[in-house]
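Working notes, beginning with the structure itself.
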Amino acid sequence: MREYFRLHQFDFELPLDIVVVPKRNLEAKQLTLALTIEEFTPIFERLRTKMVAS
C-alpha cells in the first residue's frame, strides 16, 4: 500500500485524512501493487467526484 500512495501522492488533492483498515481475512502475501491499484483507484475517483460536486 505504501508504494501505491507513493506513486499516486500527487493525485490526491483531497483535504482528507485516509485510514486504511485491512480485511480480517486478507493475508499480507496476497496484497500486491496490482490488487491495491484495482481496489483503491475506483474509491479515490468516487471521493474526488463527490468532493468536486460539493
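The values are calculated or read from the model by the stated rules, or taken from the named source; none is laboratory data. Bear in mind that the values here come from a model prediction, so they are computed numbers and not experimental data. Cβ: placed from backbone, ideal geometry, glycine included. Neighbour counts: every protein chain shown.
Out of everything in the range 21-54 that is of a type in the set (A, V, I, L, M, F, W, C) and surrounded by 11 or more Cβ atoms within 10 Å (Cβ to Cβ), what residue ends up being modelled with the lowest pLDDT? Outline the logic, then answer.
From the range 21-54, those of a type in the set (A, V, I, L, M, F, W, C) are 21, 26, 28, 31, 33-35, 37, 40, 43-44, 47, 51-53; that's our starting set.
Imposing the further condition that a residue be surrounded by 11 or more Cβ atoms within 10 Å (Cβ to Cβ) reduces the set to 31, 33, 35, 37, 40, 44, 47, 51.
Working: L31: 86, L33: 92, L35: 90, I37: 92, F40: 90, F44: 87, L47: 84, M51: 79.
Residue satisfying both the conditions and the ranking: M51.
For I18, are the conditions met, namely being surrounded by 10 or more Cβ atoms within 10 Å (Cβ to Cβ) and assigned to a loop (DSSP other than H, G, I, E, B)? Spell out how you get there, then give the answer.
Working: surrounded by 10 or more Cβ atoms within 10 Å (Cβ to Cβ): yes; assigned to a loop (DSSP other than H, G, I, E, B): yes.
For I18, the condition - surrounded by 10 or more Cβ atoms within 10 Å (Cβ to Cβ) and assigned to a loop (DSSP other than H, G, I, E, B) - is met.
Checking the condition under 11 Å from the mean Cα position of the chain (by Cα) and at pLDDT below 85, which residue from D11, D17 passes? Quick ask: steps written out before the conclusion?
Values: D17 fails: under 11 Å from the mean Cα position of the chain (by Cα).
Just one listed residue meets the conditions, D11.
Please name all residue pairs, on different chains or six or more residues apart, with Cβ atoms under 8 Å, provided the first residue is in the range 39-50 and is in contact (Cβ under 8 Å) with a residue 12 or more places away in the chain and in a helix (DSSP H, G or I) and the second residue is surrounded by 13 or more Cβ atoms within 10 Å (Cβ to Cβ) and aromatic (F, W, Y).
F40/Y4; F44/F12
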